[in-house]
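See structure below.
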Amino acid sequence: MAEYRTHEYDVLIIGAGGAGLRAAIEASGHGARVGVVSKSLLGKAHTVMAEGGVAAALANVDERDGWRVHFADTMRGGQYLNNWRMAELHAREAPERVRELEAWGALFDRTDDGRILQRNFGGHAYPRLAHVGDRTGLEMIRTLQDHGIHQGMSVHMECTVTRLLTDGARVAGAFAYDRERGRFLVFRAGAVVLATGGFGKAYRITSNSWEYTGDGQTLAYDTGADLLDMEFVQFHPTGMVWPPSVRGILVTEGVRGEGGVLRNSAGRRFMFDDIPELYKGQTADSEEEGWRYCTGDPTARRPPELLTRDHVARCILREVAEGRGSPHGGAFLDISWIGEKMANHEEHIRRKLPGMYHQFKELAEIDITKEPMEVGPTTHYAMGGVRVDPETQMSTVAGLFAAGECAAGLHGANRLGGNSLSDLIVFGKRAGEYAARFAKEHGPGTFDPAAAEAAEREALAPFHREAANGENPYQVQYDLQEMMQDRVGIIRHAEKLQSALEALEQLRERAGRALAPGSREYNAGWHTALDLHNLLTVSEAVTRAALLRQESRGAQSRDDYRGKDPEWGKLNLVVRKEAGGAMEVERIPTRPLPDELAKIIEEMG
Amino acid sequence: MMAQATFRIWRGNSGGGELQDFTLDVSEGMVVLDAVHRIQAEQAPDLAVRWNCKAGKCGSCSAEVNGMPKLMCMTRLSSLPMERPVTIHPMKAFPVMKDLVCDVSWNYEVKKRIPPFRPRAPDAPDGTWRMDQRDVDRVMEFRKCIECYLCQDVCHVLREHHKHDEFIGPRFLVYAAALEMHPLDEGTRARLLWEEGGIGYCNITKCCTAVCPEGIHITDNAIIPLKERVVDEVFDPISRALRVLTGRRGAAT
Ligand SMILES: Cc1cc2nc3c(=O)[nH]c(=O)nc-3n(C[C@H](O)[C@H](O)[C@H](O)COP(=O)(O)OP(=O)(O)OC[C@H]3O[C@@H](n4cnc5c(N)ncnc54)[C@H](O)[C@@H]3O)c2cc1C
Ligand code: SF4
Ligand code: SF4
Ligand code: FES
């Protein structure tokens, strides 16, 4: 057998974002030996980019808030396809997880009486997002990173897992390569936690970084685990649209939470034109009421700009389609108008949204305190992912856990802003705890050395392919992104989805010819070639699930099946690998809500 | 705007390397990182570069652009003299790994040595604290740090004198300041900053402040107050009195 550098841990955590780090801290706390691997340097994961805040019903700003309201908001936002038990645990535990961050050194903005301040966000009934200006993610990841390094975990940075290793039906470790040298490593572990984030890189216009290639979902799928809700891909309504090189970079929802409004080319504030039935009672009647809400008036209802993301994204697309878009194909998002209401609005905006101010100033030469921004939808978040048990976060493969964006269930058909950062800490903690327990109970597994050798051969394949009909991996990736953007994007249609499946087959064939010239050291082309398998797997899962779900709900909009179908409202979709290797999609009924929770939803109307 | 431009990129590894020219079409709004990505996709697939957010938030894409430490994703081509080649070089204060990527692992080791946050007992029976926004704001400045290590790169103590064993560098003085001035923290780090952190090496040239992409006033707001703490806590009260009398600041060197 080939010799690999081998590390042994009780719990191996793949991913060093909020979910992975929180899991690592918890598993260490339970006495497990913990190893963490991440594709990037420590502290650079997606969590660092999160801006607006972390949702937790602390009720510091509005006493009417509480876990029940947060639960109901989350279920409504997810169009009732959420796993209700996850939504319940999330709403109940988020406040404690946020307070714990403060005890570890995180500093949030304060209320007048010195408690954690909370801000408005789409779909949340009351101001609920604990935040630090618009760099909440940085505060969170740094706190977890700095606290975590003193808890005894070992970190393997710039190290990429390409395969999980199994022992019969349970997981036993992982195979990885280190980016710096291109050498292979083997991790033996009693339990593995996937915390690898999402897959926005399957699309061309995205707020996601190079890391978001669906690795965790694919690792799980290839190991026989179930994926859930893959059709629900969130398109955030406000990404930058100009200049072209920054297209897709996120503009935080915090802008709208602070009073930013959306207008079309005629200057019309179009969000009042179409308010969904589900939200009529909670939405402001007039611009005046909307503004009062943004300034914290408890008697006012939220402005329509703060409706859920799927809805806002569709409204912007409608304006563009009907010829009322902004010059570069988006809409105008204006926060400078609050100058009409506020004497020192420029300073206020710079203090509340320093990152956005900086971002537009540097990248688009626009001063957002004086001019509107141009924005449009961008691929942002994967509601779908690894199917997990709500209490333990264990997947359908024994010893394999998942948390954070790479897991599914909490958000249903559409995620509310701020509910991801809270997801990471609530379920990151749970995953770490139960993974440590599993490892203790079951001890380390053993795997067949041949599996590691096969993983090595597979990883090295891009170096050995024939140059004659070779493909440039960047080009294959680009073509995949274009194709997904065009055919499996915001508005879907059976014919297009069908043609996407055919295109995916061709792309898979091309990916099999992708070349990696050069040495194994820090070779971006090689990495891109390896990522293709993952991107293709998640893309196929999204497409197949989107094709099967014949309705429009949450983040899934079908041109050929407009509107919600009550029957589909009781079904989740599970994607798994058949024995023969083909991908199958299965409908499973949602679990009925227990009376007590159903009553909460009723009461919150 | 569509024009041709030349990028002169350092290519090599720990064994050595050289500048290599790439010519490509550039268009409106492009930043240096876009150019590097295009070169990677079309001309040099194995070119090594770090990046994550492309929005100045993660601190991954640090390099020296025309000799200045910069985030490549926040450096617009329109801010550079494009009639000349744009030179892109990896940071010089750290060992190079390959092309534009250096080994910054030393920074992670340094951080581990700094005693962590130690909060005072909670203020309220429910285990929470009360803090004033003003007190929080003072530390927020330091907590904005994205760990790009550009300040470490430019500091002559590390860059020219290679005192990595004796001096933690501006980033970690900022980090220490964030802990020391945290409204809840009760730890003390002054002696350590003097004895192991080498704060005495800093002679307040402010080069670090000049390159910080987050606009942190590293010297004025972090290092000078820390130096004062060192004087207060490490040295005898006489030097403290002297400092007060003569009005000298940052006298620890
Ligand atoms: C610009 C932006 C703004 C956002 N703002 C908000 C907000 O205000 N509020 C909110 O709630 N949410 C927000 N989100 C969403 C939220 O940030 C993410 O969903 C969340 O951070 C995901 O965290 P995670 O821990 O699951 O994954 P990440 O933080 O992305 O971490 C994934 C980790 O996995 C590693 N990894 C991946 N694949 C592999 C592999 N094969 N081998 C080894 N390691 C691997 C990566 O290196 C990384 O360390 C925002 C997202 C973006 C992009
Ligand atoms: S001010 Fe001090 S830390 Fe900053 S660059 Fe100069 S010597 Fe280095
Ligand atoms: S202090 Fe500034 S320059 Fe130094 S690492 Fe932090 S952000 Fe970068
Ligand atoms: S890529 Fe994140 S700072 Fe440049």
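Observations, loosely collected:
- Scanning the stretch B:112-134 for residues that are closer than 27 Å to B:V211 by Cβ and either of a type in the set (V, I, T) or more than 7 Å from chain A (Cβ to nearest Cβ) (or both) yields B:R113, B:I114.
- Inter-residue pairs, beta-carbon under 9 Å, first away from chain A (no Cβ under 14 Å) and basic (K, R) and in the stretch B:212-232, second part of a loop (DSSP other than H, G, I, E, B) and within 16 Å of ligand 3 (Cβ to nearest atom), 6+ apart: B:K227/B:C202; B:K227/B:I204
- Number of the condition not met by B:H89 [criteria: (1) touching a residue at least 60 places away in the same chain (Cβ under 8 Å); (2) away from ligand 3 (no atom under 16 Å from the Cβ); (3) within 14 Å of chain A (Cβ to nearest Cβ)]: (3)
- Count of the stretch B:17-31 residues which are more than 11 Å from chain A (Cβ to nearest Cβ) and either open to solvent by less than 40 Å² (accessible area, probe 1.4 Å) or of a type in the set (F, W, Y) (or both): 2
- Meets criteria (surrounded by 21 or more Cβ atoms within 10 Å (Cβ to Cβ), part of a loop (DSSP other than H, G, I, E, B) and at pLDDT 95 or above) for A:G224: no
- Residue that is farthest from ligand 2 (Cβ to nearest atom), among those in the stretch B:77-94 that are farther than 27 Å from A:P473 by Cβ and assigned to a helix (DSSP H, G or I): B:S78
- B:F142 vs. criteria open to solvent by less than 10 Å² (accessible area, probe 1.4 Å) and either over 26 Å from A:T213 (Cα atoms) or more than 7 Å from chain A (Cβ to nearest Cβ) (or both): yes
- Residue in the stretch A:194-209 that is more than 16 Å from ligand 2 (Cβ to nearest atom), open to solvent by less than 10 Å² (accessible area, probe 1.4 Å), part of a strand (DSSP E or B) and closer than 23 Å to A:L536 by Cβ present: yes
- Taken over the stretch A:175-193, the criterion of being open to solvent by less than 10 Å² (accessible area, probe 1.4 Å), closer than 14 Å to A:H527 by Cβ and under 27 Å from the mean Cα position of the chain (by Cα) is satisfied by A:A176, A:Y177.
- A:D215, sole failed condition from (1) out of contact with any strand residue (DSSP E or B) (no Cβ under 6 Å at 6 or more places or on another chain); (2) buried (at least 24 other Cβ atoms within 10 Å of the Cβ); (3) under 25 Å from A:I491 (Cβ atoms): (3)
- Residue list for the stretch B:32-76, restricted to those being within 7 Å of chain A (Cβ to nearest Cβ) and either part of a helix (DSSP H, G or I) or over 24 Å from A:G137 (Cα atoms) (or both): B:D34, B:Q40, B:A41, B:P45, B:D46, B:L47, B:A48, B:M74
- Residue pairs meeting the criteria (Cβ under 7 Å; at least 6 apart or on separate chains; first at the interface with chain B (Cβ under 9 Å from one of its Cβ atoms) and within 16 Å of B:V26 (Cβ to Cβ), in the stretch A:242-257; second assigned to a helix (DSSP H, G or I) and open to solvent by less than 10 Å² (accessible area, probe 1.4 Å)): A:V246/A:L363
- Being more than 13 Å from ligand 3 (Cβ to nearest atom) and touching a Pro at 6+ places or on another chain (Cβ under 9 Å) is a description that does not apply to B:W194.
- Residues that are under 18 Å from A:L107 (Cα atoms) and out of contact with any His (no Cβ under 6 Å at 6 or more places or on another chain), drawn from the stretch A:23-58: A:G43, A:T47, A:V48, A:M49, A:A50, A:E51, A:G52, A:V54, A:A55, A:A56, A:L58
- Flag for A:R110 being surrounded by 20 or more Cβ atoms within 10 Å (Cβ to Cβ), of a type in the set (K, R) and at pLDDT 95 or above: yes
- For the stretch A:245-284, taking the residues that are aliphatic (A, V, I, L, M) and not in a loop (DSSP other than H, G, I, E, B), the one that is most open to solvent (accessible area, probe 1.4 Å) is identified as A:L278.
- Taking the conditions (1) modelled with pLDDT under 95; (2) within 23 Å of A:L278 (Cα to Cα); (3) touching a Pro at 6+ places or on another chain (Cβ under 7 Å) in turn, A:G122 satisfies each one other than (3).
- Single residue of B:A48, B:A5, B:A41 found to be under 25 Å from the mean Cα position of the chain (by Cα), surrounded by 15 or more Cβ atoms within 10 Å (Cβ to Cβ) and not polar (S, T, N, Q): B:A48
- Leading residue by the ranking (nearest to ligand 1 (Cβ to nearest atom)) among those in the stretch A:113-141 that are open to solvent by 20 Å² or more (accessible area, probe 1.4 Å) and within 12 Å of chain B (Cβ to nearest Cβ): A:R135
- For the stretch A:227-244, the set of residues classified as over 23 Å from the mean Cα position of the chain (by Cα) and part of a loop (DSSP other than H, G, I, E, B) consists of A:W242, A:P243, listed by residue number.
- Residue check, B:G187 more than 16 Å from ligand 4 (Cβ to nearest atom) and on the phi > 0 side of the Ramachandran plot: no
- Condition met for B:R159 (within 12 Å of another protein chain (Cβ to nearest Cβ), open to solvent by 20 Å² or more (accessible area, probe 1.4 Å), of a type in the set (D, E, K, R) and away from ligand 1 (no atom under 16 Å from the Cβ)): no
- Selection within the stretch A:57-78 - within 29 Å of A:Q556 (Cβ to Cβ) and open to solvent by 20 Å² or more (accessible area, probe 1.4 Å): A:W67, A:R68
- Checking A:Y293, A:Y357 one by one, the residue that is touching a strand residue (DSSP E or B) at 6+ places or on another chain (Cβ under 6 Å), among the hydroxyl-bearing types (S, T, Y) and on the phi < 0 side of the Ramachandran plot is A:Y293 and no other.
- Residue in the stretch B:172-184 that is surrounded by fewer than 18 Cβ atoms within 10 Å (Cβ to Cβ) and either more than 16 Å from ligand 1 (Cβ to nearest atom) or within 15 Å of the chain's Cα centre (by Cα) (or both) present: no
- Note on the stretch A:470-518: among residues that are farther than 27 Å from B:K98 by Cβ and of a type in the set (S, T, N, Q), the one that is most open to solvent (accessible area, probe 1.4 Å) is A:Q506.
- Residues of the stretch B:185-198 that turn out to be open to solvent by 30 Å² or more (accessible area, probe 1.4 Å) and either within 16 Å of ligand 1 (Cβ to nearest atom) or not in a loop (DSSP other than H, G, I, E, B) (or both), as a count: 4
- Qualifying residues in the stretch A:362-384 (those that are within 13 Å of chain B (Cβ to nearest Cβ) and farther than 20 Å from A:E253 by Cβ) - the one surrounded by the most Cβ atoms within 10 Å (Cβ to Cβ): A:E362
The values are calculated or read from the model by the stated rules, or taken from the named source; none is laboratory data. It should be emphasised that the depicted structure is a prediction, and the values quoted were computed from it without experimental measurement. Cβ coordinates were reconstructed from backbone atoms using ideal geometry, including for glycine residues, and neighbour counts include every protein chain displayed. Only protein heavy atoms, including side chains, enter the accessible area calculation; ligands, DNA and RNA are left aside. Shrake-Rupley method; radii C 1.70, N 1.55, O 1.52, S 1.80 Å.
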